[in-house]
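Readers should treat all values here as calculations from the given coordinates under stated rules, not as data from a laboratory. None of the values given here were measured: they were computed from a predicted structure. Quick reminder, even Gly has a Cβ in these numbers, built from the backbone with ideal geometry, and neighbours come from all protein chains shown.
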Amino acid sequence: MNIVDSFLDVSRFIDLRRDIHAHPELGFEEHRTSEIVARLLKEWGLTVHTGVAGTGVVGVLKRGESTRSIGLRADLDALPLQEDNHFPHKSIHPGKMHACGHDGHTTMLLAAAWHLSQNGQFDGTVHFIFQPAEEMGKAGAKKMIEEGLFDRFPCDAVFALHNFSIGNVGHFALNHGALMASSNTWRVTIKGQGTHASLPHTGVDPVAAVIDLAQQLQSLVAKVINSNERALLAVTQIQGSGAPNVIPDVAFVGGTIRTFSDNATDLLERGLNRLAGGIAQAHGCQAEVSFTRASPPVVNHEKEARFAAQVMREIVGENAVNDQFPAIMSAEDFAHMLKVKPGCYAFIGNGDGDHRMPDHGPGPCIIHNTSFDFNDEIIPIGASYFVKLAQKWLSL
């Protein structure tokens with residue numbers, strides 16, 4: 001039996017999750033959600049700190065005299081998507097939607113906080129970290145750290161959990177190293193000299209340079225990254241003139257780069273600059289390169305990952321835990337926390353999409369989908385994981 005199942009009315013937390021789902025808020029705008037989190041934590045006797053990185057909340061629960069500590073993190077924000085669902089708890093805010101399950105992550109951590117506040121069999125301090133602005137490259141985790149998160153709330157290690165389409169409901173997946181990629185956006189602006197399309201000899205065509213650059217970039221990974229590593233460069237944006245008969249002054253090409261090491265990111269950034277400058281010069285143009293590192297790769301620490309996997313096995317059994325899960329190209333800004341603290345990030349199975357409410361039909365379990373909905377069945381499982389992590393890390 002799940003730990004939390006035996007102590008709480010799960011329906012209460014399902015209602016809470018659906019209320020949060022119906023009222024999505026974007027990064028650094030999570031005022032209502034943060035107020036709910038803070039109010040509940042205070043009701044349960046935790047020491048509550050608000051305004052951390054704007055809308056972040058940290059709840060502190062201490063038992064005994066030990067100086068040992070653990071950080072448990074959930075994300076608060078939604079995505080700028082129009083929800084395509086028809087159940088009663090669909091988003092009431094047009095163009096905003098909990099399409100990544102952060103409503104569920106927040107609820108699982110709140111359920112764990114409730115249980116530990118009522119059944120605090122541990123010696124040390126648990127920091128419940130409710131982070132704003134994980135999505136859209138806003139790096140809420142980095143902002144919390146910059147504002148003194150771990151100075152104010154020391155953590156021996158930090159842990160986080162994310163729902164994911166790994167098949168069976170409530171199964172866990174992780175590994176002992178790089179689990180998710182870095183997220184980097186790039187754009188190359190090529191400057192030429194505009195003219196009429198019927199008179200190309202009177203101008204300098206930046207569109208031709210952009211097309212040439214986009215083609216050359218397709219092989220950059222193979223040219224600069226060791227074949228034993230994985231990396232990705234995707235060209236996702238190209239724009240020239242707004243009219244079919246105009247060669248513009250400026251055109252641009254942009255996209256994303258994903259890697260599993262800072263070294264690989266460095267190599268690709270240098271290669272991008274080199275190609276952009278050379279190709280622009282060959283076309284008689286000038287290039288300006290913008291490169292933004294939104295988050296580093298999510299790299300689990302081996303000791304903490306093995307500890308987490310053992311906790312998972314005690315909850316769901318050996319066969320429901322895959323601790324050799326292959327790294328994926330998606331990104332997560334919990335990476336910033338793992339850069340400064342040991343810890344582990346893991347996935348919990350959201351199922352195959354058949355968890356929708358009756359009469360509304362099955363929906364996809366793929367995150368960032370306009371028909372997504374968090375699976376309430378995994379609330380007690382995820383909460384149990386957080387509870388047992390804290391109890392074992394801070395064992396009496």
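Computed quantities for the displayed model
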item: Likely footprinting exposure, His162, His301, fewest C-beta neighbours within 10 Å first; result: His301, His162
item: Calculated from backbone phi, Karplus (6.51, -1.76, 1.60) coupling profile of the stretch 122-135 in Hz, x at Gly/Pro; result: 7, 10, x, 10, 10, 9, 8, 9, 9, 9, x, 6, 7, 7
item: GNM top mover of Glu332, Glu377, Glu30 - the chain, alpha-carbon springs below 10 Å; result: Glu377
item: Neighbour-count ranking [beta-carbon atoms within 10 angstrom, fewest first] of Trp44, Trp186; result: Trp44, Trp186
item: Most fluctuating residue given options Glu229, Glu302, Glu83, as computed from a GNM of the chain linking Cα atoms under 10 Å; result: Glu229
item: Assigned charges on the beta-carbon of Lys, Arg, Asp, Glu; the stretch 183-295 dipole about Cα centre (debye); result: 180
item: Kirkwood estimate for the chain, i.e. one over the average of 1/r between Cα atoms, Å; result: 22.6
item: Reachable lysines, given that their alpha-carbon falls under 18 Å from the alpha-carbon of Lys138 and they are not under 8 places away in the same chain; result: Lys96, Lys339
item: Normalised contact order of the chain, rounded percent, pairs of Cα under 8 Å and 6 or more residues apart; result: 24
item: Net charge dipole size for the chain [Lys, Arg +1 and Asp, Glu -1 on Cβ; Debye, nearest 20]; result: 760
item: The chain: antiparallel DSSP beta bridges as a percent of all, rounded to 5; result: 70
item: Ranked list, fewest to most other Cβ atoms within 10 Å of each Cβ, for Lys90, Lys96; result: Lys90, Lys96
item: Which of Ala141, Ala308, Ala280, positive extreme of dipole for the chain (C-beta unit charges); result: Ala280
item: Mean shadow area of the stretch 183-295 over all directions, Cα convex hull, nm²; result: 6.7
item: The chain: most fluctuating residue of Ala222, Ala178, Ala243 per GNM, C-alpha cutoff 10 Å; result: Ala243
